[in-house]
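Asks: After the structure tokens below, expect a handful of questions from me.
The values are calculated or read from the model by the stated rules, or taken from the named source; none is laboratory data. Please read these numbers as outputs of a predicted model, since none were measured by experiment. Here Cβ is always computed from backbone atoms with ideal geometry, including for glycine, and neighbour counts include all displayed protein chains. Surface areas here come from the heavy atoms of the whole protein model, side chains and all, with no ligands, DNA or RNA. Shrake-Rupley method; radii C 1.70, N 1.55, O 1.52, S 1.80 Å.
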Amino acid sequence: MNLVQAAPPRPHVSHIPAPEIRPRRKIVGMSAILLPFLPEGSATQSVDGLAIDWAGLEAHTARTHASGLMPAVNMDTGYGNLLSPKAKDQVLQRTREVLDGAPFISGVFVKDKPGDPFDFDAYRVEIDRVHSFGGTPIIFQSYGLTQQSDGAIVDSYEQIGRHSKEFYGFELGTMFAPFGAIYSLDVYRGLLDMDACKGAKHSSLNRQLEWERLAIRDEVRPDFRLLTGNDLAIDMVMYGSDYLLGLSTFAPEEFAKRDRMWAEGDAGFYELNDVLQYLGFFAFRPPVPAYKHTAAQFLQLRGWIQTSLNHPQSPTRPESDVAILEDILERLAK
């Protein structure tokens with residue numbers, strides 16, 4: 001997959017007032033798990049030539065769960081679009097063993113190209129893969145899905161819902177992937193009308209678009225989880241969003257602590273949120289997909305993984321970033 005590396009254009013949105021802040025709300029946090037790597041040839045159990053740090057993956061999954069966040073594997077943060085079925089099976093198997101029955105999310109990715117039709121059979125295979133390991137699927141977009149009319153997009157999700165009794169949707173801006181799309185509000189309402197669709201991640205990096213969806217969610221289906229994917233506005237939880245973030249993989253315990261502070265009315269929420277947001281702006285600067293390398297640098301600094309290597313097909317950050325990450329880590333420690 002060729003990831004777009006420029007900053008996204010600002011979409012046209014209607015300017016609505018910011019919704020009321022919702023104090024002391026219990027926040028539901030989900031965290032995309034980084035897949036760590038070892039130097040080539042050093043892993044005893046490499047998969048398709050990738051030397052994966054399985055011990056680091058398992059420890060980070062356990063750490064995330066213990067913090068109170070729900071792990072999400074085979075996401076963009078876990079290079080799910082770049083892994084073979086064999087590698088994804090390994091990730092799912094180890095996740096199931098570590099969590100021992102606790103719930104988790106897993107990405108469902110179908111690779112296609114512009115102009116291809118929606119391939120339900122390919123989605124069905126990937127959904128069944130996730131179900132077989134006890135996970136709940138979150139449906140990544142594809143060209144065949146997003147390049148349809150609004151009505152056909154809704155029909156495609158309904159077809160998925162007839163096969164999977166529980167799934168999450170996903171709106172993905174093109175700054176993350178070229179096949180992504182931010183849906184019309186009519187399509188979003190269609191998702192809310194599906195009992196099988198328990199929620200949807202929204203990754204437009206635009207507050208207005210997310211606030212519009214919150215208003216519809218509150219009106220139509222309050223139990224629907226609007227999972228913010230806005231790593232540049234993690235305070236969206238103050239307005240009623242929950243989250244599924246790549247940024248939280250840098251600091252799952254700190255995110256969980258922040259969430260508890262909000263539920264308890266602790267003003268320390270704001271200071272901790274500020275530091276985490278500073279980390280988010282630094283990590284998710286263009287080219288956005290390189291945030292995964294930043295995550296590996298940060299987790300290595302924390303002593304949680306062995307190296308800062310990332311997938312060979314994913315962009316990297318300069319080594320000079322490490323000094324800034326050290327400063328942020330010190331701020332978090334305070």
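Asks: Look at ARG63 and say whether it is open to solvent by 30 Å² or more (accessible area, probe 1.4 Å), of a type in the set (D, E, K, R), out of contact with any Leu (no Cβ under 9 Å at 6 or more places or on another chain) and closer than 21 Å to ALA295 by Cα. Before you say what the answer is, go through the steps one by one.
Replies: Numbers: open to solvent by 30 Å² or more (accessible area, probe 1.4 Å): yes; of a type in the set (D, E, K, R): yes; out of contact with any Leu (no Cβ under 9 Å at 6 or more places or on another chain): yes; closer than 21 Å to ALA295 by Cα: yes.
Yes, satisfied.
Asks: For a quick check of your reading of the model, give me the residue pairs whose first member lies in the stretch 307-334 and is closer than 24 Å to TRP54 by Cα, whose second is at pLDDT 95 or above and among the hydroxyl-bearing types (Ser, Thr, Tyr), with beta-carbon atoms closer than 7 Å and at least 6 apart or on different chains.
Replies: Partner pairs satisfying both residue conditions: ASN310/THR316; HIS311/TYR79; SER314/TYR79; ARG317/THR294.
Asks: Counting just the residues of the stretch 322-333 that are in contact with a helix residue (DSSP H, G or I) (Cβ under 6 Å, 6 or more places away or on another chain) and within 15 Å of ARG285 (Cβ to Cβ), which one comes out surrounded by the most Cβ atoms within 10 Å (Cβ to Cβ)?
Replies: Out of the qualifying residues, it is LEU325.
Asks: Looking only at strands (runs of 3 or more DSSP E) that lie completely in the stretch 121-229, which have at least 1 residues being of a type outside the set (A, V, I, L, M), in contact with a Lys or Arg (Cβ under 7 Å, 6 or more places away or on another chain) and in contact (Cβ under 8 Å) with a residue 12 or more places away in the chain?
Replies: Per the criteria, 167-172, 197-203, 225-228.
Asks: In addition: In the stretch 256-267, how many residues are open to solvent by less than 20 Å² (accessible area, probe 1.4 Å) and more than 16 Å from ALA233 (Cβ to Cβ)?
Replies: 1
Asks: Give all pairs with beta carbons closer than 8 Å in which a residue from the stretch 45-67 that is within 19 Å of GLY29 (Cα to Cα) and in contact (Cβ under 8 Å) with a residue 60 or more places away in the chain meets a residue that is in a loop (DSSP other than H, G, I, E, B) and not hydrophobic (A, V, I, L, M, F, W, C); count only pairs at least 6 apart in sequence or on separate chains.
Replies: HIS60/PRO36
Asks: How about the stretch 230-255: which of its residues are assigned to a loop (DSSP other than H, G, I, E, B), open to solvent by 10 Å² or more (accessible area, probe 1.4 Å) and aromatic (Phe, Trp, Tyr)?
Replies: none
Asks: Look through PRO286, PRO312 and report the one residue that is in contact with a strand residue (DSSP E or B) (Cβ under 9 Å, 6 or more places away or on another chain) and modelled with pLDDT under 95.
Replies: PRO312
Asks: Pick out the one residue from TYR291, TYR270 that is modelled with pLDDT of 95 or more, open to solvent by less than 30 Å² (accessible area, probe 1.4 Å) and not in a loop (DSSP other than H, G, I, E, B).
Replies: On the way: TYR270 fails: open to solvent by less than 30 Å² (accessible area, probe 1.4 Å).
Matching residue, one of TYR291, TYR270: TYR291.
Asks: Is at least one residue of the stretch 273-283 open to solvent by 10 Å² or more (accessible area, probe 1.4 Å) and either in contact with a strand residue (DSSP E or B) (Cβ under 7 Å, 6 or more places away or on another chain) or not in a helix (DSSP H, G or I) (or both)?
Replies: No, every residue in the stretch 273-283 fails to be open to solvent by 10 Å² or more (accessible area, probe 1.4 Å) and either in contact with a strand residue (DSSP E or B) (Cβ under 7 Å, 6 or more places away or on another chain) or not in a helix (DSSP H, G or I) (or both).
Asks: May I ask you to list pairs of residues, at least six apart or on different chains, whose Cβ atoms are under 9 Å apart, with the first in the stretch 241-265 being within 21 Å of PRO289 (Cβ to Cβ) and without any contact (Cβ under 8 Å) to a residue 24 or more places away in the chain and the second being open to solvent by 10 Å² or more (accessible area, probe 1.4 Å) and not in a strand (DSSP E or B)?
Replies: none
Asks: While we're on this one: All but one of (1) in contact (Cβ under 8 Å) with a residue 24 or more places away in the chain; (2) part of a helix (DSSP H, G or I); (3) open to solvent by 20 Å² or more (accessible area, probe 1.4 Å); (4) not small (Gly, Ala, Ser) hold for ASP112; state the number of the condition that does not hold.
Replies: The one condition ASP112 does not meet is (2).
Asks: Does THR136 satisfy the condition of being within 30 Å of THR95 (Cα to Cα) and modelled with pLDDT under 95? Spell out the reasoning first.
Replies: Values: within 30 Å of THR95 (Cα to Cα): yes; modelled with pLDDT under 95: no.
Here the answer is no, as THR136 does not meet what is asked.
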